[in-house]
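What follows is a single structure, written as C-alpha cells, with notes after it.
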Amino acid sequence: MAGSSRGIVFGSMGVAAVMALLAITDFATGIPFGSQSTFDIMFILAAALVIYMGVDCLKEMK
C-alpha cells in the first residue's frame, strides 16, 4: 500500500513541476498560454505548494 501512495505523491509532484515549468516559460516568453501574468504567478505558487506538500508527505511516510 505504501508503494502505491508514494507513486501517487511522485506523480502529483511531477505534474506540478511540469505545470510550473510551463507557467515560467509563459511568463518569460508568452508562448504556451498567451502570457497572462496573474495566472502564471498563481500557477507557479500552486505548483510550489503541491511540491512542498509532496515533500512533506514523503518525509512523514518514512
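Details
- The angle between the Cα long axis of helix 2-29 and the longest principal axis of the Cα atoms of the chain comes to about 10 degrees, rounded to the nearest 10.
- The C-alpha atoms of the chain define a longest principal axis, and helix 37-61 lies at about 10 degrees to it.
- Other residues within the sphere of radius under 13 Å centred on the Cβ of V55, judged by their own Cβ, net out at +1 (K and R +1, D and E -1).
- Using all pairs of distinct alpha-carbon atoms, the Kirkwood hydrodynamic radius of the chain works out to 12.3 angstrom.
None of the figures in this text is laboratory data; all of them are computed from the coordinates on show. Computed from a prediction, not measured in an experiment: that's the story for all the values here. In this analysis, Cβ positions are derived from the backbone assuming ideal geometry, glycine residues included, and neighbour counts consider all displayed protein chains.
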